[in-house]
Structure formats: structure tokens, C-alpha cells
1. Count, please, the residues in segment 28-76 that happen to be free of Cβ contacts under 8 Å to residues at least 40 places away in the same chain and closer than 19 Å to residue 109 by Cβ.
2. Which one of 234, 260, 267 is within 13 Å of ligand 1 (Cβ to nearest atom) and crowded, with 18+ Cβ neighbours inside 10 Å?
3. Considering only segment 24-36, I want to know if a residue exists there that is part of a strand (DSSP E or B) and farther than 23 Å from residue 244 by Cβ.
4. Which members of segment 141-160 meet the condition of being within 16 Å of ligand 1 (Cβ to nearest atom) and either buried (at least 24 other Cβ atoms within 10 Å of the Cβ) or part of a helix (DSSP H, G or I) (or both)?
5. Looking only at segment 336-356, decide whether some residue is at pLDDT 95 or above, under 24 Å from residue 154 (Cβ atoms) and more than 16 Å from ligand 2 (Cβ to nearest atom).
6. If I ask for residues that are more than 16 Å from ligand 1 (Cβ to nearest atom) and either closer than 13 Å to residue 294 by Cα or under 15 Å from the mean Cα position of the chain (by Cα) (or both), which ones from segment 318-330 would you list?
7. Please go through segment 161-171 and pick out each residue that is within 24 Å of residue 255 (Cβ to Cβ) and either more than 16 Å from ligand 2 (Cβ to nearest atom) or in a strand (DSSP E or B) (or both).
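The values are calculated or read from the model by the stated rules, or taken from the named source; none is laboratory data. Given the structure is predicted, the values throughout are model-derived calculations rather than measurements. All Cβ positions, glycine included, derive from the backbone under ideal geometry; neighbour counts span all protein chains shown.
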Amino acid sequence: MPYIDLKYKPDEDIVCEFYLEPSKGLSIRKAAGQVAAESSTGTWTRVHTEEPYMKKMAARVFSIKGKRIKIAYPPELFEPGNMAQILSSVAGNIFGMKSIKNLRLMDIRFPKELVKAFHGPKYGIGGVRKIMDVKERPLVGTIVKPKLGLKTEDHAEVAYRAWSGGCDIVKDDENLSNQGFNPFLRRVLKTLEMRDKAEQETGEKKVYMPNVTAETEEMLRRMKFIEDNGGRYAMVDIITCGFSSLQTIRNKEFELVLHAHRAMHAAFTRNRKHGISMMTVAKLARLVGMDQLHIGTVIGKMEGGKEVIGIADWMRDDFHGLKTAFPVCSGGLHPGHVPRLMKMMGNDIIIQAGGGIHGHVMGTESGARAMRQVVDSVMEDVPVKEYAKGRKELAAAIRKWKLV
Ligand code: CAP
Ligand code: MG
């Protein structure tokens, strides 16, 4: 089988770019060929059941530059619309092969025909901005903190204060679902009540993103409940739930925006030499229909460098007719980060801060106000220190956390 063909020009193939370190004693060419074989039609030895008509289905290594290789996978290898099957091929057995020391899926390029079989985001950035009635500035959100333990009334009260202060979005934390201390159905009802109150009082659109993460059928029931009770969003932990469940919840065509939390991604995205890149995860999430996705901040508490900017750009670009997806910056953010964050990432982002709002010395409402003030200062192009004069919430936030 022609697993290596440096003259090959990919067309409607899936193209994967890998970083590859072969095991001791193996050339990169040999290891690359084994990766192409194992992830397409081959195994560790030549088998007698191979037929000549299969030749065109072999994956081909068509570029080797240092430790970077590119492999083209012909479209016939894949079942359109089946993300699990695609990943079992191009991101499956290969990571565990003894012939590689390290292997990282850096990037993946999907051809138009395969993209068409997925739904993509239902709303995207334009749809979300329409719901929120916010045209240009970044959206500001918070996560109710403490992340676990608050009872329902207190959770709803914290949400209300955040909305009153100026947050557009309030969301559950990734590990809050339907625990005894704060059951899902009651939480949704109570928090949406508070959302309505905050909307009336502020005259702004407000949204609540309840975390529906659970077994798939249960997620569908929870989403139906949100929809029936006037919610506009569902949040889901995309890695722990798995891509098939995401396809199921997207395919049901609820009138809900889908917010994707990526908890657990770093188990395979963090090691720069092995695993799967966050760029790849972002592509998969947009294909299966997530409207918003956590991608990192460059400057907050979570690991992630300048590549985060490239991921945001890809999510906001046209891609084979898919709607865009809103990049979410979250993790250790406070108002002092915002000018730099917006300079790096632009205005089409969602800024999420938990500690950076509920940790404000004057409380949650002031924390939310400080966050909106700092966003407005950047939008109006006024230096933060100047803008903070006469705005006590922002001034206090900068005093505590500093401009970074
Ligand atoms: C942020 C957060 C988010 C992380 C996830 C948390 O809280 O709620 O889940 O941002 O990481 O639990 O840590 P803080 P990422 O604002 O208090 O840090 O966005 O990198 O996926
Ligand atoms: Mg969280």
C-alpha cells in the first residue's frame, strides 16, 4: 500500500498535520508510514486479505519536514456526519503505538463535502449578538462561585447580583449539574426568575447558561425543560460528554444556544509533543455545532499561549459555509486583564470571570460593574486609570488586582 507518497496532492481528503518523534532506531519516514497505515487501512504486518481495489483508500504521508508530517486521508475512509468514527481513525490507535515516542495531532483540515454532513453552530456570533442585542463590545459573563455547594436560592441571588451589576451572561460551573444541594430543575426555574427581574430592572438582555452535562437522554430532557421555561442557552462539558452526545443534542434543533466548556481537554492538549491540539478541538466543536467555546486567555490562570489568538481567528472566519463560533476567554480573569486581552483578541469574544467578579472587595454587583466599566473604557479608548476616576468599582478592582 502506498502509505508514503511525497508527490501526492490532497484534494477532497482530510489532511492531518502531526508532530512526530519516532522511537529509538526508527526513521521518521518509517514511523510516519506506520501511523498512516494504522490510521487508515493497515496493521503491523502485511495481510493476505488486502485487495487491489483498496489501494486508493490508503492514507498517504505527503509531506515530511523535520518532525512535522502531513497525512492525507481519502474521503472514502469516513462515514459522513460520524465524528466518533473520524476520530477513531485519525486520532485513535496511533497515539499508543510503540513505534512512536511522541505524536501530536497539531491541526486537521476538513474538506467541504465532509463538513456539509455536520450541522455546525445554529446561532454563531451573529445569532448570539442578536439575542443579546449587543453589537460591538465583548460580552461579559460570570460563573456562579463557589463552583459547588451553594443552595438554589443563594445561587439565584448571586446570579441576580451579577446581572444587576452589568453581566450579560451568568453560567453554571463545569461540575455543577443536578446535585442534591442545588437540583437542576429548581435551579433553572429560580435563576430564570431572577434573570427576568434583572432584565426588567436594567432594560438589558440577560442570559443564563445552565450546565446540562449528563447522560445524553437526560441532557435532552434538561434542554427541553430549559426551552419550555423560557431559557435561551444550554451549557455542556464537551470533552467529558463526548462528541456523539454533542451531535445528538445539536441534531434535535432546540432553540437554545450551545455553550461548550472544555473541562478535561488539557489531559491531551497540554503536552506540546503528544496528544491533540486545542485548535483541533475547536474545529471539531464547531463542526458538531457548538456556538461558543472556551479557548483560553493567554494571560489568565490556565495554560495556553499565543496560539489561542489563532484559534479565535479560525472560529470567527468563514469555513465551508459553517456559522462562526464565539470564542470564550475564561480562567483567572479580572478587570485588570481586560485591556490587554481585548488588544490581543479583539471585540468578538466573551469574557468570563468568576473569581474576578465575586472576589471584588465590594461584592458581586460591584465586581460585575467593574468588568463592564473596563470593557467600556477600552471601547471608548480611554486609559483605564483615567476611566476609573469617579468609578469606584473599577478603581477598587484595579487597586486589588492591578493592571496586568
Ligand atoms: C473560571 C472557571 C472556568 C475555567 C475553565 C473555573 O473561573 O469557571 O471553568 O475558565 O478553563 O472553574 O476555573 P475563574 P478554560 O474566573 O474564577 O477563574 O476556560 O481554560 O477552559
Ligand atoms: Mg469553571
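1. First pass over segment 28-76, keeping only residues free of Cβ contacts under 8 Å to residues at least 40 places away in the same chain: 29, 32-33, 36-37, 43-49, 51-53, 56-57, 65-66, 76.
Then keep just the ones that are closer than 19 Å to residue 109 by Cβ; that gives 32, 36, 57, 65, 76.
Number of matching residues: 5.
2. Details: 234 fails: within 13 Å of ligand 1 (Cβ to nearest atom); 267 fails: crowded, with 18+ Cβ neighbours inside 10 Å.
None of the other options fit; the residue is 260.
3. Step one: of segment 24-36, the residues part of a strand (DSSP E or B) are none.
No; the residues of segment 24-36 include none that is part of a strand (DSSP E or B) and farther than 23 Å from residue 244 by Cβ.
4. Initial filter on segment 141-160 (within 16 Å of ligand 1 (Cβ to nearest atom)): 141-150, 155, 158-159.
Across segment 141-160, the qualifying residues are 141, 142, 143, 144, 155, 158, 159.
5. No, segment 336-356 has no match at all.
6. 323, 324 - these are the residues of segment 318-330 that are more than 16 Å from ligand 1 (Cβ to nearest atom) and either closer than 13 Å to residue 294 by Cα or under 15 Å from the mean Cα position of the chain (by Cα) (or both).
7. Listed by number, the residues that qualify are 163, 168, 169, 170, 171.
Conditions tested, residue by residue: (1) away from ligand 1 (no atom under 12 Å from the Cβ); (2) under 24 Å from residue 268 (Cα atoms); (3) not in a strand (DSSP E or B).
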position: 313; (1), (2), (3): yes, yes, yes
position: 351; (1), (2), (3): no, no, no
position: 369; (1), (2), (3): yes, no, yes
position: 389; (1), (2), (3): yes, no, yes
position: 403; (1), (2), (3): yes, no, yes
